1. Report P(r) for the chain: all Cα-Cα distances, bin width 10 Å, range 0 to the bin holding the largest distance, values in whole percent.
2. Please work out the Cα center distance from the stretch 127-149 to the stretch 36-89, rounded to the nearest Å.
3. So what is the relative contact order for the chain, in percent, with contacts set as C-alpha pairs under 8 Å and at least six apart?
Amino acid sequence: MSFHFGLEKLMNHRKNLQDEASKNYLNSQAEYQKQNQILHQYYMDIETARKNGFEIQLSGGKNSAESLCQINDYIKGTEFKIEQQRQVVRRCLEKVEEMQELLREASIEYKIMEKLKEKKKEEFKEVEKKKEIKELDEMVTSRIKKSEK
C-alpha cells in the first residue's frame, strides 16, 4: 500500500499561494528599485545642472545670466520632482514590506503542511512496518503449527 496524504490539495493550494506571494514580492521589489533609480537620476540631473551652471559662470558671456536663470529654474523643478518621487519610493518600500510579510506568512503555512505530511508519512511507515512484522509472525506461527502436525 502506498502513502496518500489526505490534505494534498490544501498543501498544493498553500504552495500556490506561496508562489504567488513570492512573485508579488519580487514584482514589488523590482518596482521599488525602478522608482529608486528614477530618484537617483533626478539627483544626478541636479548635479549635472550645477556643474553646467558653474561652467557658465566661469566662461561668462552675454547670455550667461539667462542661462543661469534657466538652470536655476530647472533645479527647482527637479527638486519638486524629487519630493514627489520620494513619496513614490516610500510607498513602494511600504508595498515591498507588505509583500514580504505576506510571503513570510505563506511560507510558514506551507512549511506547516510539509511538516504535517512528513509526520503522517512517518506514521504510515510505522504502521506498515508493524503490519509487516505481524504478518511475518503469523507466517512463522503457522509454519510452526504445520511442522508440529
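1. That works out to 10, 18, 14, 13, 11, 10, 8, 6, 4, 3, 2, 1, 0, in percent per bin.
2. 91 Å
3. Details: 70 pairs, mean separation 61.7, N = 149.
Computed value for the chain: 41 percent relative contact order.
Read the figures in this text as sums done on the coordinates, not as results from a lab. Small disclaimer: the values here were computed from a predicted structure and weren't measured.
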